[in-house]
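The values are calculated or read from the model by the stated rules, or taken from the named source; none is laboratory data. This structure is a prediction, so every number in the text was calculated from the model and none was measured. With ideal geometry, Cβ positions are generated from the backbone for all residues, glycine too; neighbour counts draw on all protein chains shown. Each accessible area value is taken on the protein alone, full model and side chains, heavy atoms only, with ligands, DNA and RNA left out. Shrake-Rupley method; radii C 1.70, N 1.55, O 1.52, S 1.80 Å.
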Number of protein chains: 2
Amino acid sequence: MTEKAKPLTDLQIATEAVMQPIGEIAKKAGIPEEAVEPYGRYKAKIDIDKLPVSKKNGKVVLVSATSPTPAGEGKSTVTVGLADALSKLGEKSMIALREPSLGPVMGIKGGAAGGGYAQVLPMEEINLHFNGDIHAITTANNALSAMIDNHLHQGNALNIDPRRITWKRVLDMNDRALRHVTVGLGGPAQGVPREDGFDITVASEIMAVFCLSTSLTDLKERISQIVIGYTYDKEAVTVRDLGVEGALTLLLKEAFKPNLVQTIEGTPALIHGGPFANIAHGCNSLIATNTARQLADIVVTEAGFGSDLGAEKFMDIKARIGGFSPDAIVLVTTIRALKMHGGVAKTDLNAENVQAVKDGIANLDKHIETVRAFGVEPVIALNRFITDSHDELQFVLSHCKEKGVRAALTDVWGQGGEGGIELAKHVLSLLEEPNQFAPLYDVEQPVLEKITTIVQKVYGGKGVILTDKARKDLLAIESNGWDILPICMAKTQYSFSDDPKKLGRPEDFTITIREIIPKLGAGFLVCLTGDIMTMPGLPKKPAALSMDVDDKGNAIGLM
Amino acid sequence: MTEKAKPLTDLQIATEAVMQPIGEIAKKAGIPEEAVEPYGRYKAKIDIDKLPVSKKNGKVVLVSATSPTPAGEGKSTVTVGLADALSKLGEKSMIALREPSLGPVMGIKGGAAGGGYAQVLPMEEINLHFNGDIHAITTANNALSAMIDNHLHQGNALNIDPRRITWKRVLDMNDRALRHVTVGLGGPAQGVPREDGFDITVASEIMAVFCLSTSLTDLKERISQIVIGYTYDKEAVTVRDLGVEGALTLLLKEAFKPNLVQTIEGTPALIHGGPFANIAHGCNSLIATNTARQLADIVVTEAGFGSDLGAEKFMDIKARIGGFSPDAIVLVTTIRALKMHGGVAKTDLNAENVQAVKDGIANLDKHIETVRAFGVEPVIALNRFITDSHDELQFVLSHCKEKGVRAALTDVWGQGGEGGIELAKHVLSLLEEPNQFAPLYDVEQPVLEKITTIVQKVYGGKGVILTDKARKDLLAIESNGWDILPICMAKTQYSFSDDPKKLGRPEDFTITIREIIPKLGAGFLVCLTGDIMTMPGLPKKPAALSMDVDDKGNAIGLM
């Protein structure tokens, strides 16, 4: 990245970029006009029922990363830049990305749709309400909550225990005051009092379900299987018991169509769905990935956090459900991240420190091993920052060469696709090789075995400890017959272990599972390893304080 | 209406209708292509900055009603049918309507965008998320709540008294369990505990502000003036004090563009904004009305509930702020409503009862007087139901003739515009007459005088009683200098009085004001006369239980 050399903000770069009408982008992507539903001039939804039958099965390049710094290593930026580079090389490529959540935009982030000259556009609309998908998910989630509380109020025929309702309300907002609330106060006409809480919308199981469904019919079936809580007899209560899966699916049916936008360089991008990467699987909708594969030869997509979380779930959950094999995995890393893993304090990351890079490289090495554990070969994208020194960069590139792993320096932030050409060439060479992908475990294995496999092969840990609570959860899961599901680990992204302070490549550690939550709609078992924040708060000075709109309707303060 | 003769549901009729591409409708309305932002094939947002400068100042026909039955008298249906009839007569007409709230759609109503052959399309999308405006308002409202609670949590520099925060959160949902909640529970890291509550989004002051703003700049200025609560020293705290008016306006900037759709017969309609008609003013956005007036010769619009509420506020609040004069007022009434005012029980409204119609006609008479109090002449639309008898209908028409008021039988539900031709001709003849409109009171008058004027001239009551609470509110309003604002009465829609059981034309009654709430962003003083429900609940069998979507994505169960 070269922020200092080009001191324009992402919003300024985005505003100056000349977009092509969305119809042109659709044409370039091979989407017939009758399948394009424009939303304004530069966004569209794609009616996939109107796409021509295609035998194409585009290759899937997943962009993941080493264990990140709090600022992130530029995974979305590299995803966009790599696809632009592939387009420059004449490949028919397409991007599949997550939709940004609005809550964090108001808080710290200011915006998230790639960065610099490797952005998706229109940046401002993508970052605000986009085409309304997340609002539709909020609505469906909260309609279900209203139906649950109404059921309690109208006689509770299903015998639901108000103390054991696990379904929470959501808002697409960073709002800590809503984490723990009591609802139904005010007397008999105002509902049944009970404890409740709000998550941020992207943490809703509806979002996870939305992103793993292969069709509207599948979406409805999955929604019907969601467990919302338990009766006084501790029997699970599902959406089907409440009879509202049809209404919830109706609320989601337009949102379920993938959204088409473009990069600054005009590469088509589908941006659709965006579940949390801890309590959910952290990648864009399966329907968008499938649609992109139907249209393009190479689909570049990303998964949240590092390869221990995002890539593992991408392969063990999404690829398994979607029935496809990832063909290449790009591991984004930065000198800054490696220095942090080498023990440098966050405040000192700008100073040259080759030794710290050497000390931190073990983190990269472990991520390489993790990726190879799935039978997939990684390509390292060393994402350049202006503060990186020649020796630091050279060390990493030589190290990769020694390890026999493809690696390229990228500067897509500053140069767009041009800054990702070398990376793209490596990816293309890798795509020539035969695909050896296999998920890490069989879903039929016992739950503890599946978790242990992830801990040992992906994290490099010794084993797993279950708390009493988790043990109890596991027994209930087994007695309900819910154990034949993949695992969704909710773990800190900062370390391979469950302790965010253990940087680099921790060894000899165990992972403590504190709680196992069955998500029967999404179709996975969430294993909580620590306090996982499902409703962020706002900082002392929220980004919103700098936001504005001028008299002509132009956005100010999105970063 | 002829529901029995044509047993199709509104959704079936809507689904069978052939829509014109929205670009064609825009062309018909005189909207240049560069101002049209399509949302799908049949909806668009209008960028009003790109409209040609127009000297046109279309006449405004307001559709109001007599005191309604709980089912409503078909005001939106008549609005649509009248505009279609005017189009048939060669007039360049346009519709301005409120956006339906999604919450009630899930509850009882099933849908609301006119009915039968007098509907706006696409019915299904208008009734669900439409173009996302209400979601944007929900987001802006709740972003403000999050900023308030974050301010408390981060040190409370403004010295806000958490017990005196008047700003509530909202959802577009019927959800009684959210009426009274406590937030900020769970310990010091989870915010400051306090009582709070959720209203339905259309009750948010942001919605009222949105609908009364003349530009984005005006919107921001009004938002900045909203009072969110009081300090420990009882000083008002505004959005400007929190510094987030820019961010909230940014969240609303796309929503603020009016939405263009079409009627079944192809008349252009702007559907934009939809505030409550009790604690707010109950009509679509001023920006949509102004845009329609710029484009068409006749704008047909509606206001919530009967003329005592919707029309009064339309004239004393909206027309005053907008600086225009309503040219005609259509009063929709039905035989069923008049029978109810004549003392017939809800269950017996289908049986012929001419005497009850005679007994109930006093309600219509009073609404005629109310409209004339503003210097505007009404036209009666007797909206036909299949159960109406010849004698019942004849009585009403003869009565109107005796009173010297224009009246027409309408059957726009069953026949579309054709069923409103006579009504349209009456309206056209009225539009030839000079406009004598004047608001009922001067905003400079003392608050009690303004309220008394409304009670006496509009409701036909004797006078006003203030409770101790309301008296205290009034003192605070006067000492803050907020008294020079119009009045927004929050009163039952079922009676001219504040007692919903006093049907017909009650006399010798007083109105008790229990509370006066300053809404400084909207720019009016809300006078509460009873328990006004700002968050509806769901019925025992919510409409959602019958909703579904088939495998091809078609909606089922919207009525």
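Listed values, structure above:
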{"quantity": "Under Karplus coefficients 6.51, -1.76 and 1.60, residue-wise ³J(HN,Hα) of region A:173-184 in Hz, glycine/proline x", "calculated": "7, 8, 8, 4, 5, 9, 4, 10, 9, 10, 10, x"}
{"quantity": "In region A:397-443, the GluC sites (Glu not before Pro) that fall in loop regions by DSSP, at most 12 other Cβ within 10 Å", "calculated": "A:GLU432"}
{"quantity": "Under the span-like rule (Cα at least 18 Å along the axis, Kyte-Doolittle mean at least -0.5), DSSP H helices of chain B", "calculated": "B:75-88, B:133-153, B:354-372"}
{"quantity": "Shape of region B:134-252, Cα gyration tensor, a/c cut at 1.5", "calculated": "oblate"}
{"quantity": "All-pairs Cα distance distribution in region A:1-137, expressed in whole percent, bin size 10 Å", "calculated": "10, 36, 40, 13, 1"}
{"quantity": "Region B:115-131 - phi-based ³J(HN,Hα) in whole Hz, Karplus 6.51/-1.76/1.60, Gly and Pro as x", "calculated": "x, x, 8, 10, 10, 9, 10, x, 3, 5, 6, 4, 7, 9, 8, 6, 9"}
{"quantity": "Protection proxy ranking, peptides B:495-506, B:443-454, B:192-203, average beta carbon neighbours within 10 Å, highest first", "calculated": "B:192-203, B:495-506, B:443-454"}
{"quantity": "Cross-link table A:LYS403/A:LYS491; A:LYS346/A:LYS425; B:LYS318/B:LYS502; A:LYS358/A:LYS425, entries beyond 31 Å C-alpha to C-alpha", "calculated": "A:LYS346/A:LYS425"}
{"quantity": "Per residue value of the accessible surface for chain A (all protein chains in place, 1.4 Å probe), Å²", "calculated": "34 Å²"}
{"quantity": "Protein heavy-atom accessible area occluded, B/A pair - total, 1.4 Å probe, Å²", "calculated": "6100 Å²"}
{"quantity": "Spatial separation of Cα centroids for region B:79-108 and region B:484-559, in angstrom", "calculated": "20 Å"}
{"quantity": "Chain A, relative contact order [Cα under 8 Å, separation at least 6], %", "calculated": "22 percent"}
{"quantity": "Per-residue average of Cβ from other chains inside 10 Å of A:236-249", "calculated": "3"}
{"quantity": "Whole-percent carbon and sulfur share, accessible surface of the protein assembly as shown, 1.4 Å", "calculated": "50 percent"}
{"quantity": "Pair B:GLU34, A:GLU24: separation of 7 Å Cα→Cβ label points (nm)", "calculated": "1.7 nm"}
{"quantity": "Relative contact order computed over region A:323-466 (Cα-Cα under 8 Å; 6+ residues apart), in percent", "calculated": "25 percent"}
